[in-house]
Amino acid sequence: MLDVRIALACAVAAGVSTSALDMLTRSADSLGLIDLPNSRKLHLGSIPLVGGLSIFLGVLISALWLGGFSHFIHALLATSAILALLGALDDRYNLSVHVRLLAQALVVLIMISCTGVYIHSLGYLFGRELSLNWMGIPLTVIAVIGLLNAFNMIDGIDGLVGGLSLVAISSILLYSNADRVYGLTTLMLLLGSALIPYLTANLGLFGHKVFLGDAGSMVLGYLFAWILIDFSQSMPTHLPPSDALWCVALPLLDTLAVVYRRLRQGKSPFKPDRGHIHHIIMDTGLGSHRTLAYLIVLAVALALFGSVIRGFGLGVNLLAFFVLAMTYTLVVTRLWKFQEAQKDQAASVYSADEPAAAIRRRLTPKHGMGRTRQAGGTTPILLVRVIKARHSCVRDGTSVVALAVLARISVAIGLVDRPNARKHHVGEVPLVGGLSVLIGLLAGALWLHGLGIFGHTVLATAAVLALLGALDDRYDLSVRARLLVQTVAIAVVIGTTGVYIHSLGHIFGHELTLGWLGMPFTIVAVIGLLNAFNMMDGIDGLAGGLSLISIGAILLYSNITPTRGPAALMLLMASALLPYLASNLGLAGRKVFLGDAGSMVLGYLFAWTLIDFSQTSPRHLSSVDVLWCVALPVLDTLAVMYRRLRQGKSPFKPDRGHIHHIIMGTGLGARSTLICLIILASALAFFGSVVRTFGIAINLTVFSALVIIYILTATRLWRQQMAKHKILPNMQAANDASMPAPPSIRALVGNGQSE
């Protein structure tokens, strides 16, 4: 019987919303609730701003008719009514930002004082609950104001806020697994029902066209904020706080990107412009309906991605959203700058007498109107290239398909490496080898299963690092930004799995345990190895070849069957590496480079595999054995960093002082150098397999001595080569300076004139 009453209440919500929409539309002009076109709003004619009021009236009256709601929901509806009135006044009189923010903060504080509900906990991380206590109250005020303004800011094209609201409702119901009979879930059903009449009118499907207005967008954001807070803070908890972010991901991401860009420009974050994601997409030439469809699909994809990533725990969940926010902000800001530059360039072609702002407006596609495609639009081009690549590679393995697709779109997405003073290759080379390796590895892992929580967490964080590496390849991120994300990823694995370097093994009859110091030591070790592979990636085939040697050494030393766990991960990695190596060495297909995404991921996966083999029971490797498995990258990185620090330079500033540069400086070609280094790496792995039989103490002593010898030898060879390279430039400079030279030199080089 109760289900029937809820269904009737939903019908009441839709009916009241429809009736209110009709009555308010008729009186909108007399109330002054109409939207007029201007330089930023490109619709035609005056449009009633009554959609939000009709939605709220439908929810309010149907909730009162149904009855039986808690004190929390009554307080929520009452404070929502205040915000609806505030929004209507803003639509009518265009209130200042300070007045709106003050009123919104007071409404949130009233809600907290009436119900006692606020964000008092951020969930469990590293086995402990992150409690906020009194600090949760100001955080709640900021969170609620942020989300209601996020919905307000993204309300830029027909149907967008209404569509995103339906996606948010569906996501919350999917994530929460809460009681569907009464409470907030019933309120969301009423809200969804009240949204339908507005959407049909807003999209021009039925009746007079209306807009949502500030009253509607603010109320929708306010309702979703409190629904998510109650679901994540009440007992029983229906969804963790990190899950709440994915339910409203697109409005949050777009608002963060827009606020970041405006602050960087020295503008107020609340000053409107045409820099939101829907403006950027429409400026490629797409119409408003197609833009709406793309954004709804994106919002659904984000919600589904969140439903998958939430299974890896709070740490991975927060890290994934944090990296996604950074990626979204950088990409959207870059696209906006590119489009603004195009408009300025096009404006200069028209007329010097016409103001540039007017020309820019004329060049901007209008909502639902002219669909003239600009030359800068890249979305259709990308789709065509992806489809062509897919048809040509459908019969190959996942890594091969990914390599072919990514290579074809690499120029369009900016993942190409260009020659410079330090990079001596010819032409633009796609930096997509690492991404193809990871995609193949992920596909194989999903098909294989049996990797356990440790394997899944490592792969999830590796995907985050691959995204970080791709962004570094594209935008050349700062060292600090890279190290920060790498540290967070490692901390997530430690907190989620409990695996870290807690012991250095038995030396002189005693086990060297690290205790809590093992956690920062693990962070340093993993960052060191992933950057070692990143730094070593200097000639074709080197990083891939060293990876295959490391895989072989790990499987040889550990003496286990690679059917499950990290050992199986190594076998999958080797298989995914082969198509990349064939392409990188020019044996098949178009030449590609590994890129920072690939080198970082390879080092990261090796680091965690070696830590797991040496720290978990039963131990397959000693703590010193792991060094021999990746000996050459570790030795070369230590030597390079020692030399740079001695020179007073940053250890992360690139130069041509690695072992492959030194060998090529003797006159050997890239292929001969690669063969020499592969032989050296194999010899080190074999030598380690012999030394390890004498015990961990001798093993550690030998490796330490090898480190010292390698550093001294590599540094001395580099200095000798640098001294030789300075002789000819100095002679040429002396000749160009018209300085008197000894007769013997003048006889050799002449006076700088041709005979």
Legend entry - Hey, Asp243 open to solvent by less than 10 Å² (accessible area, probe 1.4 Å), closer than 30 Å to Tyr124 by Cβ and of a type outside the set (Lys, Arg) or not: yes
Legend entry - Given (1) without any contact (Cβ under 8 Å) to a residue 12 or more places away in the chain; (2) aliphatic (A, V, I, L, M); (3) buried (at least 18 other Cβ atoms within 10 Å of the Cβ), index of the condition Leu645 fails: (3)
Legend entry - Unique match (being within 30 Å of Leu31 (Cα to Cα) and surrounded by fewer than 16 Cβ atoms within 10 Å (Cβ to Cβ)) among Leu102, Leu130, Leu147: Leu102
Inset, instruction - Hey, could you check region 624-634 for residues that are open to solvent by less than 20 Å² (accessible area, probe 1.4 Å), assigned to a helix (DSSP H, G or I) and in contact with a Leu (Cβ under 7 Å, 6 or more places away or on another chain) and say which is nearest to Asn531 (Cα to Cα)? - result: Pro633
Inset, instruction - Show the residue pairs that are 6+ apart or on different chains and have beta-carbon atoms under 9 Å apart, the first residue being within region 310-328 and closer than 10 Å to Ser242 by Cα, the second being modelled with pLDDT of 75 or more and among the acidic types (Asp, Glu). - result: Arg310/Asp243; Asn317/Asp243
Inset, instruction - Consider only pairs whose beta carbons are under 9 Å apart and that are at least six residues apart or on different chains; among these, list those whose first residue lies in region 272-293 and is farther than 17 Å from Asp254 by Cα and whose second residue is among the acidic types (Asp, Glu). - result: Ser288/Asp158; His289/Asp158
Inset, instruction - Please enumerate the residues belonging to region 581-613 that are open to solvent by 10 Å² or more (accessible area, probe 1.4 Å), in contact with a helix residue (DSSP H, G or I) (Cβ under 9 Å, 6 or more places away or on another chain) and of a type outside the set (A, V, I, L, M). - result: Gly589, Arg590, Lys591, Phe593, Asp596, Asp612
Inset, instruction - Please enumerate the residues belonging to region 648-670 that are surrounded by fewer than 17 Cβ atoms within 10 Å (Cβ to Cβ) and within 18 Å of Asn531 (Cα to Cα). - result: Lys649, Ser650, Pro651, Phe652, Lys653, Pro654, Asp655
Legend entry - Which listed residue, of Gly444, Gly450, Gly469, is modelled with pLDDT under 85 and either polar (S, T, N, Q) or in a helix (DSSP H, G or I) (or both): Gly444
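Condition test on Thr673, is it closer than 21 Å to Thr522 by Cα, surrounded by 15 or more Cβ atoms within 10 Å (Cβ to Cβ) and assigned by the TED database to the domain that holds Phe533? Lay out the reasoning, then the answer.
Numbers: closer than 21 Å to Thr522 by Cα: no; surrounded by 15 or more Cβ atoms within 10 Å (Cβ to Cβ): yes; assigned by the TED database to the domain that holds Phe533: yes.
No.
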Legend entry - The listed residue being part of a helix (DSSP H, G or I), assigned by the TED database to the domain that holds Ile277 and either open to solvent by less than 20 Å² (accessible area, probe 1.4 Å) or modelled with pLDDT of 90 or more (or both), out of Ala194, Ala178: Ala194
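With the structure loaded, tell me whether Ala525 is open to solvent by less than 10 Å² (accessible area, probe 1.4 Å), assigned to a helix (DSSP H, G or I) and among the aliphatic types (A, V, I, L, M) or whether it fails that test.
Values: open to solvent by less than 10 Å² (accessible area, probe 1.4 Å): no; assigned to a helix (DSSP H, G or I): yes; among the aliphatic types (A, V, I, L, M): yes.
It is false that Ala525 is open to solvent by less than 10 Å² (accessible area, probe 1.4 Å), assigned to a helix (DSSP H, G or I) and among the aliphatic types (A, V, I, L, M).
From Ser575, Ser558, grab the single residue that is assigned by the TED database to the domain that holds Arg418, among the polar types (S, T, N, Q) and either in contact with a strand residue (DSSP E or B) (Cβ under 7 Å, 6 or more places away or on another chain) or buried (at least 20 other Cβ atoms within 10 Å of the Cβ) (or both). Steps first, please.
Values: Ser575 fails: either in contact with a strand residue (DSSP E or B) (Cβ under 7 Å, 6 or more places away or on another chain) or buried (at least 20 other Cβ atoms within 10 Å of the Cβ) (or both).
Sole residue among the options that is assigned by the TED database to the domain that holds Arg418, among the polar types (S, T, N, Q) and either in contact with a strand residue (DSSP E or B) (Cβ under 7 Å, 6 or more places away or on another chain) or buried (at least 20 other Cβ atoms within 10 Å of the Cβ) (or both): Ser558.
From the residues in region 614-623 that are part of a loop (DSSP other than H, G, I, E, B) and not β-branched (Val, Ile, Thr), which one is most open to solvent (accessible area, probe 1.4 Å)?
The residue in question is Ser617.
For region 685-699, which positions are in contact with a helix residue (DSSP H, G or I) (Cβ under 7 Å, 6 or more places away or on another chain) and open to solvent by 60 Å² or more (accessible area, probe 1.4 Å)?
Of region 685-699, the ones in contact with a helix residue (DSSP H, G or I) (Cβ under 7 Å, 6 or more places away or on another chain) are 685, 688-689, 691-692, 698-699.
Within region 685-699, Arg692, Ile698 meet the criteria.
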Inset, instruction - Take Leu477 and decide whether it is farther than 24 Å from Ser622 by Cα and not aromatic (Phe, Trp, Tyr). - result: yes
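Just to check your reading of the model, which residue among Leu77, Leu86 is in the same structural domain as Ser217 (by the TED database), open to solvent by less than 60 Å² (accessible area, probe 1.4 Å) and free of Cβ contacts under 8 Å to residues at least 60 places away in the same chain? Reasoning before the result, please.
On the way: Leu86 fails: free of Cβ contacts under 8 Å to residues at least 60 places away in the same chain.
Among Leu77, Leu86, only Leu77 is in the same structural domain as Ser217 (by the TED database), open to solvent by less than 60 Å² (accessible area, probe 1.4 Å) and free of Cβ contacts under 8 Å to residues at least 60 places away in the same chain.
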Inset, instruction - Restrict the check to region 263-284 and report whether at least one residue is within 30 Å of Tyr124 (Cβ to Cβ), open to solvent by less than 10 Å² (accessible area, probe 1.4 Å) and not β-branched (Val, Ile, Thr). - result: no
Inset, instruction - Output the number of the condition that Asp155 fails; it satisfies all remaining conditions of (1) over 19 Å from His278 (Cβ atoms); (2) within 28 Å of the chain's Cα centre (by Cα); (3) modelled with pLDDT under 90; (4) not small (Gly, Ala, Ser). - result: (1)
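Among the residues of region 188-199, which ones are among the hydroxyl-bearing types (Ser, Thr, Tyr) and closer than 15 Å to Leu160 by Cβ?
Step one: filter region 188-199 for residues among the hydroxyl-bearing types (Ser, Thr, Tyr), giving 193, 198.
Once the filter is applied, which keeps residues that are among the hydroxyl-bearing types (Ser, Thr, Tyr) and closer than 15 Å to Leu160 by Cβ, region 188-199 yields only Tyr198.
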Inset, instruction - Please list, ordered by first then second residue, the pairs with beta carbon atoms under 7 Å, 6 or more apart or interchain, first in region 464-483 and open to solvent by less than 20 Å² (accessible area, probe 1.4 Å), second not in a helix (DSSP H, G or I). - result: Ala470/Leu415; Leu471/Leu477
Legend entry - Given (1) hydroxyl-bearing (Ser, Thr, Tyr); (2) open to solvent by 10 Å² or more (accessible area, probe 1.4 Å); (3) over 30 Å from Ile501 (Cα atoms); (4) assigned to a helix (DSSP H, G or I), number of the condition Ser682 does not satisfy: (3)
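The values are calculated or read from the model by the stated rules, or taken from the named source; none is laboratory data. Keep in mind that what you see is a predicted model, and the values were worked out from it rather than measured. Here the Cβ is made from the backbone with ideal geometry for all residues, glycine too, and neighbour counts use every protein chain on show. Side chains included, ligands, DNA and RNA excluded: accessible areas come from the protein's heavy atoms. Shrake-Rupley method; radii C 1.70, N 1.55, O 1.52, S 1.80 Å.
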